[in-house]
Amino acid sequence: MSLDARRRRLHPGLALLLLLPALSAEAYPWMIRNGYTNCSACHVDPSGWGLLTEYGRAQAQIAIPTLWGKSQEDVEPTPGIAYGAIPLPSWLNIGLSLRGAVLSQTTSQGTTVRDILMIADLRAGVTAGPFLASVSFGYVPVGATLAALTNQPRDNLVSREHWLGVRVAEDQLYVLGGRLNLPFGLRNVEHNTFVRSSTRTDTDSSQQYGLELVWDAPSVRAGLMGIAGNFLIRSSDPAIPSSDYWEKGYSGYVEGAFSNRFTLGLSSLATHADRGLTSFANPLIPDPFANGQDVWRQAHGLFSRWHVGGPWVLLAEADLLVESASGVARDWGGAGLLQADVEPIQGLHLILTGEGLRQFEVTSYGGWFSVAWFFFTGCEARLDTIFTEYGVPGGHEPSFSVLGQLHFSM
Amino acid sequence: MPLLSGAARVEGEPSAGFRGHGPGGFSLEGQTHQLRLEDDGARLKILVPLAGLQTGISLRDRHMREKYLEVERYPDAVLEVAWSALRLPADGQTTDGTAPGKMTLHGQTHDVQVAYRISHSGARYQVSGRLPLKMTDYGISVPSYLGVTVKPDVEASASFTAERT
């Protein structure tokens, strides 16, 4: 049985559970509140996410957590990691991300509660003059199979990214090669939002191998990646080569910063695979393209980040989805997200999210209310309440989830 | 006739600031809403108290004030422009131009070229302007923090509405 077919056999309720666990590692588009429209000063990946640079580690102490009566001016960032206990040379970046959670989910089939180890990743990277490198290595008991180095039904070792790069032209032009996050849309932390799951551009496990050019200038940033495939996908059916599932194509974005408070971007992705993977954006309906042949997948859209003023940040994304395969009618759909992030006191985020998905001729929509509290440097507690009406033939299937998390990072 | 007399006043909320860049796409904007005008009939002085400049992160603001701008010793940035160098619009009109001026910052004064726009409506004049600065020309150390070094060339800007009485 192929990997994909194995995934297709999952009970819908279990598929939903597998979908929900894991808000991804840290990527915070709301940092535009602090005037940051670009990501490269704080992250080794110039398009943002994950491993922090020396400057980023300082910002994580100054601008992100609750300061408990202190002002930002009183903060003296500790060097290195582990609250200064481990010094690092400026060219070396090391990080650890541990995220555990308890998930309660109620569907028409009942309520389930379980605890989840979402992320246990060690990351290392180099930013030495023009040369860059980044690698992550971790363990997950369940999920993230697309990033699994081992090939077990559960308890896998994962590497979400591993790449080498060089930067030139006053650090404005990057060439990166390896397993990379797909440059597309908002790099938001909630990897299971429809815009991320339907475009398969999340940072949890949807990275692919390829070569990426990144342009990182003050008023415009852009990334264009030639996708060679996700070489970590393995077919368990000897009759189907793993390479049949590898998508080849491109993914890219260009985003203009019209001020340090507002950006607008355009994304585009087109891939081809000999056989199609299953979409988990709506796990309650069969994906007509799963294991289909000669599968073309496209996503094109707009995204925006806007610091409205004071504690308010709005994030928005809307994508057109097009998928076709041999012998399957072309599917036209779309996905959208609108998120308001309010930070009434530093470190405490009240987040309202609305989202929608049209795919495979059914419509799903949902709303999130989330509270994320960065209560100490490197420590976050988060509670998400998620209501989703999944489209199914002839109607909708509701789902209500409460996800509580503790996240430690350094 | 000078745009402003001694009795002229700034209306609404003026703004003044700067935009600088660092490595790659790193950019930095500072802004203050404190600005005052002095007009002796021959020259217009725009004074911006620098202690109120904010960049979005207050630790960075403190470094900027204390380590780089040294605002206790040099509290204001001052731009002086001769009225004769400005092209003033008729009522209901707008003019754009460039004018020579003198910029005093961090205790040092240099000649600058100011790009300006002035809109005239009744007794109100809406003014905006920008000019390039090289901070090292003014004896300001290039800010550098944990691997991020700001380029010495920045753009300073100001906008305000003045009403002549």
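Computed quantities for the displayed model
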{"item": "Selection status of residue B:153, within 14 Å of chain A (Cβ to nearest Cβ) and on the phi < 0 side of the Ramachandran plot", "result": "yes"}
{"item": "Filtered residue count, the stretch B:123-137, keeping only those that are touching an Asp or Glu at 6+ places or on another chain (Cβ under 7 Å) and without any contact (Cβ under 8 Å) to a residue 40 or more places away in the chain", "result": "3"}
{"item": "Selection within the stretch B:81-106 - surrounded by 12 or more Cβ atoms within 10 Å (Cβ to Cβ) and either of a type in the set (S, T, N, Q) or closer than 15 Å to residue B:16 by Cβ (or both)", "result": "B:81, B:94, B:95, B:98, B:101, B:103, B:104, B:105"}
{"item": "All positions within the stretch A:29-42 that are within 11 Å of another protein chain (Cβ to nearest Cβ) and either at negative phi or not in a loop (DSSP other than H, G, I, E, B) (or both)", "result": "A:31, A:32, A:33, A:34, A:36, A:37, A:38, A:39, A:40, A:41, A:42"}
{"item": "Residue satisfying all of: in the stretch A:146-179; among the basic types (Lys, Arg) and buried (at least 20 other Cβ atoms within 10 Å of the Cβ); farthest from the chain's Cα centre (by Cα) among these", "result": "A:167"}
{"item": "Residues located in the stretch A:44-77, provided they are out of contact with any Asp or Glu (no Cβ under 9 Å at 6 or more places or on another chain) and of a type in the set (Asp, Glu)", "result": "A:54, A:74, A:76"}
{"item": "Condition met for residue A:264 (closer than 30 Å to residue A:313 by Cα, away from chain B (no Cβ under 14 Å) and either crowded, with 19+ Cβ neighbours inside 10 Å or modelled with pLDDT of 95 or more (or both))", "result": "yes"}
{"item": "One residue from A:230, A:188 being under 30 Å from residue B:150 (Cβ atoms) and surrounded by 20 or more Cβ atoms within 10 Å (Cβ to Cβ)", "result": "A:188"}
{"item": "Count - residues of the stretch A:260-300 that are of a type in the set (D, E, K, R) and outside any loop (DSSP other than H, G, I, E, B)", "result": "4"}
{"item": "Residue pairs meeting the criteria (Cβ under 8 Å; at least 6 apart or on separate chains; first over 16 Å from residue B:138 (Cα atoms), in the stretch B:66-87; second exposed (fewer than 15 other Cβ atoms within 10 Å of the Cβ) and of a type in the set (A, V, I, L, M))", "result": "B:82/B:42; B:83/B:42; B:84/B:42"}
{"item": "Condition broken by residue B:85, with the remaining ones in (1) aliphatic (A, V, I, L, M); (2) more than 14 Å from chain A (Cβ to nearest Cβ); (3) in contact with a helix residue (DSSP H, G or I) (Cβ under 9 Å, 6 or more places away or on another chain) satisfied", "result": "(3)"}
{"item": "Filtered residues of the stretch B:107-140 (kept if loosely packed, with under 14 Cβ neighbours inside 10 Å and within 21 Å of residue B:25 (Cα to Cα))", "result": "B:132, B:134"}
{"item": "Options A:249, A:223: the member that is within 14 Å of chain B (Cβ to nearest Cβ), touching a strand residue (DSSP E or B) at 6+ places or on another chain (Cβ under 9 Å) and either assigned to a strand (DSSP E or B) or surrounded by 16 or more Cβ atoms within 10 Å (Cβ to Cβ) (or both)", "result": "A:223"}
{"item": "Residue count for the stretch A:113-125, restricted to those that are surrounded by fewer than 18 Cβ atoms within 10 Å (Cβ to Cβ) and more than 17 Å from residue A:27 (Cα to Cα)", "result": "4"}
{"item": "Test for residue B:161: is it farther than 22 Å from residue B:20 by Cα, β-branched (Val, Ile, Thr), part of a strand (DSSP E or B) and touching a Pro at 6+ places or on another chain (Cβ under 7 Å)", "result": "no"}
{"item": "Checklist (1) under 30 Å from residue A:388 (Cα atoms); (2) within 11 Å of chain B (Cβ to nearest Cβ); (3) touching a Leu at 6+ places or on another chain (Cβ under 7 Å) applied to residue A:54, failing item", "result": "(1)"}
{"item": "Strands (runs of 3 or more DSSP E) completely within the stretch A:333-410 that count 1 or more residues being without any contact (Cβ under 8 Å) to a residue 40 or more places away in the chain and touching an Asp or Glu at 6+ places or on another chain (Cβ under 7 Å)", "result": "A:348-359, A:362-376, A:395-409"}
{"item": "Identity of the residue in the stretch B:20-38, without any contact (Cβ under 8 Å) to a residue 40 or more places away in the chain and closer than 24 Å to residue B:127 by Cα, that ends up nearest to the other protein chains (Cβ to nearest Cβ)", "result": "B:29"}
{"item": "Of the criteria (1) on the phi > 0 side of the Ramachandran plot; (2) surrounded by fewer than 17 Cβ atoms within 10 Å (Cβ to Cβ), which one residue A:143 fails", "result": "(2)"}
{"item": "Residue list for the stretch A:227-243, filter: under 19 Å from the mean Cα position of the chain (by Cα) and either in a strand (DSSP E or B) or under 20 Å from residue A:323 (Cβ atoms) (or both)", "result": "A:227, A:229, A:230, A:233"}
{"item": "Matching option when the condition is under 22 Å from residue A:388 (Cα atoms) and either crowded, with 17+ Cβ neighbours inside 10 Å or touching a helix residue (DSSP H, G or I) at 6+ places or on another chain (Cβ under 7 Å) (or both), among A:269, A:284", "result": "A:284"}
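The values are calculated or read from the model by the stated rules, or taken from the named source; none is laboratory data. Because the structure is a prediction, the values reported are computed rather than measured. Glycine also receives a Cβ, built like all others from the backbone with ideal geometry; neighbour counts cover every protein chain displayed.
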